[in-house]
Amino acid sequence: MSETTDIPKHDVIIIGAGPAALSAAIYTTREDIDTLLFERAVPGGLAAVTDWVDNYPGFPEGIAGLELGTNLQKQAERFGAVIELGEVLKLHDEGKWKRLETTSGDMLAKAVLIATGSDYKKIGVPGEAEYYARGVHYCATCDGAFYRGKRLVVVGGGNSAIQEAMFLTRFASHIDLLVRSTIKASDVLQKDLQKFVDEGKVTVHLGVVTDEIVGEAGAVTKVVGTQDGKKIDFPTDGVFVFVGLKPNSEFLEGSGIELDHIHLIKTDENLQTNMPGVFVAGDIRSGATMQIASAAGEGATAALKIREYLEGHAHPIQN
């Protein structure tokens, strides 16, 4: 593709605006590298919709996820990063330039950082899609306040399920926690959860398979599950599902970029993919530790590797 085209050009386009992406943008923009971020949801990523972050370095008392995400966004924008709400649909290698098909039209970049993170997994049962946002939710901090004094079901047994269930006790009158097998959350979280169990705020049901979400007149009324071969009804006003995350890598289909068996993106030791000039950081990278602190660190590392790549292949665009 000719460089004289009218398609907008950037030194770096970052796909995503979570901790990895924003950390990278802080580094690139401080060095006057023209940087555009595309975010299809909320700047700050999943960190921004996490109630409380207790393990991010530098905050001895912890910090609200929304505050952390907002602070990262403000810092990146202070140095000149531009965040555009929209979605990257396809990525193409055209030699010196990478062409991105986006909801704002085609764009060209000399380097690309993929930091799209993950999204919430669905359980795929009848009623889940039908009652989405009308009784079925995936973000306690977003929707928990709608259920003051109400009864809730939380599905899941990992760290996020336990954290979110405990958060929801601020609003709900009672929570039934449905765990498919056994609780896999950390020992610390399990001890914290036990306090709520002892207080009667949470009832844990182990070995329960969620079969169906049932409602009447457009509102959820119960969850049907199976435990020890028997069907059980769990009356509820709402359902929060926390059964893990899935990589946001669908847009790479047909791009030639290598993914692993669970669709995370493979990189080399420089965080570069098999497509030269395309780098990866954060939860979407194969081998990532799925922690906010490590995502931020990878973002910084990726930014430095991108700078090296630009210095070796092209001069940054002058604004």
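Of all residues in region 6-14, one or more are of a type in the set (Asp, Glu) and either buried (at least 24 other Cβ atoms within 10 Å of the Cβ) or at pLDDT 95 or above (or both). If you go through region 205-262 and pick out every residue that is of a type in the set (A, V, I, L, M), over 26 Å from residue 179 (Cβ atoms) and in a loop (DSSP other than H, G, I, E, B), you end up with 2.
Residues of region 196-243 that are within 21 Å of residue 142 (Cα to Cα) and surrounded by fewer than 13 Cβ atoms within 10 Å (Cβ to Cβ): 218, 219.
Within region 85-102, the set of residues being part of a loop (DSSP other than H, G, I, E, B) and under 20 Å from the mean Cα position of the chain (by Cα) comprises 86, 87. Taking the numbered list (1) modelled with pLDDT of 95 or more; (2) among the small types (Gly, Ala, Ser); (3) more than 30 Å from residue 64 (Cβ to Cβ) in turn, residue 300 passes all entries but (3).
Residue by residue, here is whether (1) closer than 19 Å to residue 227 by Cβ; (2) part of a loop (DSSP other than H, G, I, E, B) holds:
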site: 160; (1), (2): no, no
site: 163; (1), (2): no, no
site: 166; (1), (2): no, no
site: 171; (1), (2): no, yes
site: 177; (1), (2): yes, no
site: 182; (1), (2): yes, yes
site: 189; (1), (2): no, no
site: 194; (1), (2): no, no
site: 203; (1), (2): yes, no
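For region 116-146, a residue qualifies if it is outside any loop (DSSP other than H, G, I, E, B) and of a type in the set (S, T, N, Q), and the qualifying residues are 118, 141. Any residue that is of a type in the set (S, T, N, Q) and in contact with a strand residue (DSSP E or B) (Cβ under 7 Å, 6 or more places away or on another chain) - is there at least one of those in region 26-33? Yes - at least one qualifying residue is present in region 26-33.
In this structure, is residue 114 under 30 Å from residue 272 (Cβ atoms), of a type outside the set (Ser, Thr, Tyr) and under 24 Å from the mean Cα position of the chain (by Cα)? Judged against the criteria, residue 114 is a match. Exactly one residue out of 100, 152, 108, 113 is surrounded by 17 or more Cβ atoms within 10 Å (Cβ to Cβ) and in contact with a Lys or Arg (Cβ under 6 Å, 6 or more places away or on another chain), and it is 108.
The values are calculated or read from the model by the stated rules, or taken from the named source; none is laboratory data. From a predicted model like this one, the values you see are computed outputs, not experimental measurements. Note: ideal-geometry Cβ built from the backbone for every residue, glycine included; neighbour counts use all protein chains shown.
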